[in-house]
1. Only sites in a loop by DSSP and with at most 11 other Cβ atoms within 10 Å count here; which trypsin sites (Lys or Arg not before Pro) in the range 83-143 make the cut?
2. Hand me the trypsin sites (Lys or Arg not before Pro) from the range 171-267 located in a DSSP loop with no more than 16 other Cβ atoms within 10 Å, in residue order please.
3. Nothing charged except the Cβ atoms of Lys and Arg (+1) and of Asp and Glu (-1): what's the magnitude of the dipole of the range 1-143 about its Cα centre? Round to the nearest 20 debye.
4. Rounded, prolate or oblate for the range 118-267? Axes are the square roots of the Cα gyration tensor eigenvalues, ordered a ≥ b ≥ c, and the cut-off for rounded is a/c under 1.5.
5. For H122, H203, what's the fewest-to-most ordering of other Cβ within 10 Å of each Cβ?
6. Starting with the fewest neighbours, write out M1, M87 ranked by other beta-carbon atoms found within 10 Å of each beta-carbon.
7. By how many nm would the segment from R255 to A8 grow when fully extended, if each residue of separation counts as 0.36 nm and the alpha-carbon distance is taken off?
8. Could you list F219, F227, F14 in order of exposure, starting from the residue whose Cβ has the fewest other Cβ atoms within 10 Å?
Amino acid sequence: MSYRVLSAQQIEQFEEDGFVIVENLFSSAEIERILRIARGDRQLAGDAKLNHNYEGQGLDTRLAYSPHFGDDAYSAVGRSRRLVEPMEQLFGEEMRHFYHLETMKDPNTGGWQWHQDYGYHHREFLYPDFISVMVALDPATRANGCLRVVRGSNRLGRLDHQSSGSQLAADPQRVEIALQHLEEVHGEMAPGSALYFHGNTLHASDPNTSSQPRWAFIFAYVAASNFYVLPQLPDSLREPVDKCDDAKLEELTQRHWEKVQAQAQVS
Ligand SMILES: O=C(O)CCC(=O)C(=O)O
């Protein structure tokens with residue numbers, strides 16, 4: 001089955017705007033199960049770190065970072081044909097996985113200042129043929145700090161970034177000017193929807209000051225032809241994504257679910 005679900009209009013929209021939302025890419029049943037795994041997953045809780053994304057005061061952001069896929073439900077989502085094939089349509093070629101994040105944005109945890117993901121990673125890759133995908137696990141709303149993207153900022157080129165707390169923030173003066181010219185869009189999404197955004201698309205999010213969690217995955221990929229500039233190519237970047245079909249996604253999710261349940265019984 002093909003998951004090349006993007007229309008010509010959506011592909012054009014991505015080129016113009018730097019992002020596109022695909023609604024209900026995963027079913028609510030699939031996402032409910034993955035979220036239940038994530039909430040009960042002790043390994044994930046142990047891997048999670050607090051990022052202090054602001055200078056001085058500010059709420060920390062909790063996330064787990066993985067540079068390669070493993071034998072787990074989260075990786076299965078990142079390898080799934082459903083998620084990867086639309087990116088192949090956007091770039092016209094296969095994709096390589098670079099990293100993924102499980103972001104656990106619970107009430108009273110923090111957000112991100114404006115940045116571009118290629119702003120973080122231009123030292124590794126020659127071209128900005130870089131894309132990130134946020135997959136909503138909880139409803140993502142303005143109240144719980146959904147992702148905000150700047151329409152058309154993918155066409156600004158890469159901005160300078162400077163350290164600010166534990167994050168890199170895009171040049172604030174440039175951002176201010178960009179925001180006078182370009183529209184800021186709140187990426188509100190239902191669980192299972194996906195927001196694809198280009199490596200040069202400016203994005204940020206507010207802290208979650210609501211009573212509702214906003215957990216999500218963010219997967220980052222580069223086009224297979226993008227040249228890795230540093231001397232040592234990581235093994236995980238050698239080959240294009242080994243895509244998995246729906247049956248494999250189901251199998252890996254089930255296996256992960258059983259593992260998390262077994263862990264719960266041990267205690
Ligand atoms: O999860 C968020 O709110 C933003 C995450 C983000 O900006 C990133 O991973 O680059």
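Bear in mind these aren't lab numbers, they're just calculated from the coordinates by the rules spelled out. Since the model is a prediction, treat every value here as computed from it, not as a measurement. Virtual Cβ from ideal backbone geometry, glycine too; neighbours counted across all protein chains shown.
1. Values: sites: R96, K105, R123, R142; in loops: R123, R142.
The qualifying sites are R123.
2. Values: sites: R174, R214, R238, K243, K248, R255, K259; in loops: R238, K243.
Filter output for the range 171-267: R238.
3. Working: 14 positive and 23 negative charges, 106 e Å.
Roughly 500 debye, rounded to the nearest 20.
4. Working: a/c = 2.06, a/b = 1.26, b/c = 1.63.
Oblate shape, in that a/c is at least 1.5 and b/c is the bigger or equal ratio.
5. Values: H122 18, H203 26.
Sorted ascending by nearby Cβ count, the order is H122, H203.
6. Values: M1 7, M87 20.
Listing M1, M87 from fewest to most nearby Cβ atoms yields M1, M87.
7. Details: separation 247, 0.36 × 247 = 88.92 nm, distance 3.70 nm.
Full extension from R255 to A8 adds 85.2 nm.
8. Details: F219 28, F227 11, F14 23.
Neighbour counts put them in this order, fewest first: F227, F14, F219.
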